[in-house]
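Presented below is the structure to which this report refers.
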Amino acid sequence: MYINNTAKLARRAFLVRMGQLGMAGIATPWALNLATIGEAAAFTATDYKALVCVFLYGGNDYGNTVVPYDNTNYAKYAAIRTGIATPQASLAATALTPTVALPGGMQLALAPQLLPFKTLFDAGKLAVQLNVGPLIQPTTLAQYNAKSVPLPPKLFSHNDQQSVWQSSAPEGSITGWGGRIGDVALSNNGANAVFSCMSVTGNAVFVAGSTAVQYQVSTSGAVPISGLKSPPFGSSSVSAALQNLITQTSTQTLENEHTKVVTRSIAAEGQVTSALAGVPAFATPFTSTNPLASQLQMVAKLIAARNALGVKRQVYFVSLGGFDLHDFLPDQHPGLLTNVADAMASFYNATVELGVSNNVTAFTASDFGRTLASNGDGADHGWGSHHFLLGGAVNGGRFFGSAPAIAVNGPDDVGQGRLLPSTSVDQFAATLANWFGVSASEMSLVVPNIGNYSNRNMGFV
């Protein structure tokens, strides 16, 4: 059901686009001019906007990321997280005072390593979405236990939940909601639609659309065909022969389509390399030893080159791994959070420097949260988690969603402190898509389960 619904929506989107092109009298052989198909979308914008997904692979531990701080809830937290609880005394500098207080006198603090986020929260540039995760429809604990409503497939599985978070379907999905946002927005980027969805961390379903094809770059820039950029055996003649070989036309359909893809790739690499060459160095420092910072620095450079690239709407994907901490959580998690906070703070400061902080929204995502209950020196696979939103357009200094009870087998978890999400990924994604410019009529093409929710905008941006 979950997979079929997504597939039906993807087919519907494709047929709508094909029908629009047919009415325009445009011939559309398969795989021909993929970007042109998307240009039929009714999406117009004169400003620039970008979404940046920061994916934390492995399942980030929510319990030591956003931590109970008031005495009553901290005592419950410490009793549950034996051996891995963050000391209450270390949280004083990152205790949050939101503009809208949480019910019942609950206070929350960020992990000590997230001090840069505390500064951004206080400045109104960072918000916290509480207890968000994959759902198909609003689900109560009683419904979960009774199995009376459809549930996301393959809960607690790394590969599948990474895919479900990014695409609304388990491993094997071919489109993600970032890519589907790109599908809707392709028309704004015209001939440069290939730069609509970009990954700086390798292949990711999040930025794959039905018509928007993800363009992958490295932290050094566009990835060239090595034999063209570095002549084999030092011979330019060999390079010329290679280029002629891989770009020559053919009477065979598959060969000819491959030639078109390669030709576009060569042209895109040249365009990106040229555009990046005109980007001056940032005054904002990015830590070179931080892999996430290197990725976000490249995103900032590409955003700086937006006019040279001729784009108005972009979706980016970056990532950091290492969060699957069944063991050694107190030792390894703090360093990971340091990398996240430093990289994202530097990225935000770079957007301020570029004058586009109000036009760029970054957010975190992860496979799932982890159990609130300790397993000794780590935590096991969970479900819902807390995530961050950062940017000038973010309604910062606030929590969004519902704060879960600090309990195991309590009213908000399905066992061991595995949070039953109170906000769905569809609601989370729809809020971002709405800010990006996706219309209500096309929202179900981006997030297939949004029709099951009356609240389709969480209000954080």
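The values are calculated or read from the model by the stated rules, or taken from the named source; none is laboratory data. The model shown is predicted, which means the values in this text are computed figures rather than measured ones. Cβ coordinates were reconstructed from backbone atoms using ideal geometry, including for glycine residues, and neighbour counts include every protein chain displayed. Accessible surface is based on the protein model in full, side chains and every heavy atom, while ligands, DNA and RNA are left aside. Shrake-Rupley method; radii C 1.70, N 1.55, O 1.52, S 1.80 Å.
Quick notes on this one:
- Shown for the chain: lysine pairs separated by 8 or more places, or found on different chains, whose C-alpha atoms are under 17 Å apart, numbering 4.
- Within the chain, the proportion of Cα pairs with more than 37 Å between them is 27 percent.
- Ligands, DNA and RNA aside, E171 has an accessible area near 120 Å² when probed at 1.4 Å.
- Förster radius 45 Å - calculated FRET efficiency between A123 and N455, Cβ distance, rounded to 0.05: 0.95
- Helix runs (DSSP H) in the chain reaching 24 Å along axis by Cα, Kyte-Doolittle at least 0.0: 2-23, 329-354
- Expected-Rg normalisation [2.2 N^0.38 Å, Cα atoms] applied to the range 301-437: 1.22
- Each of V352, N256, G202 was placed along the dipole of the chain (beta-carbon charges, centred on the mean Cα), and the one lying farthest toward the positive end is N256.
- Taking only alpha carbon atoms, the range 273-354 gives an Rg to Rh ratio of 1.06, where Rh is the Kirkwood radius.
- Net lengthening on full extension, S402/V223 (0.36 nm per residue, minus Cα-Cα): 60.1 nm
- Debye-sum result for the range 141-297 in log10 I(q)/I(0), which assumes one identical scatterer on each alpha carbon, at q = 0.12, 0.13, 0.15 Å⁻¹: -0.74, -0.84, -1.02
- With the charge dipole of the chain set up from +1 on Lys and Arg Cβ and -1 on Asp and Glu Cβ about the Cα centre, the Cα lying farthest toward the positive end among the listed residues P112, T82, Q214 is that of Q214.
- Antiparallel beta bridges, as assigned by DSSP with both residues in the chain, represent about 40 percent of the total such bridges.
- Under 5 Å between amide hydrogens, built in the peptide plane, is the criterion, and for S319 it picks out F55 among residues at least 5 positions away or on other chains.
- Test item: Cα-centred dipole of the chain, Lys/Arg +1 and Asp/Glu -1 on Cβ, debye: 860
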